[in-house]
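The values are calculated or read from the model by the stated rules, or taken from the named source; none is laboratory data. All values derive from a computational prediction rather than experimental measurement. All Cβ positions, even for glycine, are placed from backbone atoms using ideal geometry, and neighbour counts span all protein chains on display.
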Amino acid sequence: MVVQTDAPPERLNRPGGQAIAYHALPGKSPVVVFCTGFRSDMTGTKAVALAQSCAAAGRSYLRFDYFGHGQSSGDFVEGTIGTWAADALTVIDELTAGPLVLVGSSMGGWIALLAALARPDRIKGLVLIAPAPDFTQGFWSRLNATAQEHLRRAGRVDIPSEYGDPTPITLKLIDEGRNHLLLHQPIPFKGPVRILQGLQDPDVPWNHAVKVMEQLQGADVRLTLFKTGDHRLSKPAEIAALEMAVEEVCALVGGVAPDGMDDGG
């Protein structure tokens, strides 16, 4: 099966006239759900690559856009971590059934962790790509005194981005993000977790991934570092590693060892 990447998305209507755009593939369990990064969307390289690999494996797969992202409705600057975590839970609750493996990229790693804590009966495994829990606090610390004062007065500041237009950061995003901080205490998720991280990542330093690994309470947590990897981790070898990690976690959740791996017997 080949995924048509230019196909229009389906839409999940929400209260107040809002809608979440998504693409869903039917298939075997567990369902893989992709949580995108900050200002990213479900047409990104990693999300689409996993759509193709899940389709080839006959695996159920869901990718979606948060409020204010991609093809979903809403104004990005009105969104918060709580808003986007609620979107993830909504698509999980309304569009999937059975056990899940969540794949979270950058901010999506934070969203995936929050969702796993909120739905422990459903979410059985995680694959995290340059995970960025608590990143909103970093925005504040990177601003100089003048920019901090402007943010307090205006409620918004635009910061340069190497990925395109300046990134709008709101005081609401930073303040609300404090309600969802994770790294100050153990993270009580016990399922298998695979973390992929680039050593050359300018946005999420590699030791942040180590901190996530340390705080996770499960025993089966592995971190893979890419010496020349940046924040995107979208080179062919990095995508291949992501696909392998997803299949490995899916197999572990399903109780079947991946090809070439010992199941402990």
* Confirm whether PHE135 is crowded, with 17+ Cβ neighbours inside 10 Å, at pLDDT below 95 and not charged (D, E, K, R). => no
* Structure fact -> With the first residue restricted to region 99-111 and required to be under 13 Å from ILE81 (Cα atoms), and the second required to be part of a helix (DSSP H, G or I), Cβ contacts under 6 Å at 6 or more apart or on different chains are ILE111/TRP84; ILE111/ALA85; ILE111/ALA88
* Evaluate the following for LEU128: is it assigned by TED's automatic domain parsing to the domain that holds VAL48 and modelled with pLDDT of 95 or more? => yes
* Asked: Taking region 236-265, which residues are touching a helix residue (DSSP H, G or I) at 6+ places or on another chain (Cβ under 7 Å), of a type outside the set (A, V, I, L, M) and modelled with pLDDT under 95?
  -> PRO258
* To do: Check region 146-168 and report whether any residue there is of a type outside the set (Phe, Trp, Tyr), assigned to a loop (DSSP other than H, G, I, E, B), touching a residue at least 24 places away in the same chain (Cβ under 8 Å) and under 30 Å from LEU100 (Cβ atoms).
  => no
* Structure fact -> Scanning region 88-107 residue by residue, those surrounded by 24 or more Cβ atoms within 10 Å (Cβ to Cβ), under 16 Å from PHE189 (Cα atoms) and not β-branched (Val, Ile, Thr) turn out to be LEU100, LEU102, GLY104
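Does ASP175 satisfy the condition of being within 25 Å of SER40 (Cα to Cα) and either assigned to a helix (DSSP H, G or I) or in contact with a Ser or Thr (Cβ under 9 Å, 6 or more places away or on another chain) (or both)? Show your work before the answer.
Details: within 25 Å of SER40 (Cα to Cα): yes; either assigned to a helix (DSSP H, G or I) or in contact with a Ser or Thr (Cβ under 9 Å, 6 or more places away or on another chain) (or both): yes.
Spelling it out, ASP175 is indeed within 25 Å of SER40 (Cα to Cα) and either assigned to a helix (DSSP H, G or I) or in contact with a Ser or Thr (Cβ under 9 Å, 6 or more places away or on another chain) (or both).
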* Scanning region 184-242 for residues that are in contact (Cβ under 8 Å) with a residue 24 or more places away in the chain and basic (Lys, Arg), which turns out surrounded by the fewest Cβ atoms within 10 Å (Cβ to Cβ)? -> LYS227
* Asked: Just one of the numbered conditions (1) polar (S, T, N, Q); (2) over 19 Å from the mean Cα position of the chain (by Cα); (3) crowded, with 23+ Cβ neighbours inside 10 Å is not true of GLN18; which one?
  -> (3)
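Quick one: is GLY79 closer than 20 Å to GLY177 by Cα and either among the small types (Gly, Ala, Ser) or crowded, with 17+ Cβ neighbours inside 10 Å (or both)? Give the steps one after another, and end with the answer.
Numbers: closer than 20 Å to GLY177 by Cα: yes; either among the small types (Gly, Ala, Ser) or crowded, with 17+ Cβ neighbours inside 10 Å (or both): yes.
Here the answer is yes, as GLY79 does meet what is asked.
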* Which condition number does ILE169 fail, the rest of (1) farther than 30 Å from PHE76 by Cα; (2) within 20 Å of the chain's Cα centre (by Cα); (3) among the aliphatic types (A, V, I, L, M) being met? -> (1)
* Asked: Does ALA97 satisfy being more than 20 Å from LYS235 (Cα to Cα), modelled with pLDDT of 95 or more and not in a helix (DSSP H, G or I)?
  -> yes
* **Considering residues of region 63-76 that are buried (at least 20 other Cβ atoms within 10 Å of the Cβ) and in contact with a helix residue (DSSP H, G or I) (Cβ under 6 Å, 6 or more places away or on another chain) only, the residue farthest from LYS172 (Cα to Cα)** => ARG63
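Can you pull out every residue in region 21-37 that is closer than 24 Å to LYS124 by Cα and either in contact (Cβ under 8 Å) with a residue 60 or more places away in the chain or touching a Pro at 6+ places or on another chain (Cβ under 9 Å) (or both)? Can you show your working first?
At the first step, the residues of region 21-37 found to be closer than 24 Å to LYS124 by Cα are 22-37.
Residues satisfying the conditions are TYR22, HIS23, ALA24, SER29, PRO30, VAL31, VAL32, VAL33, PHE34, CYS35, THR36, GLY37.
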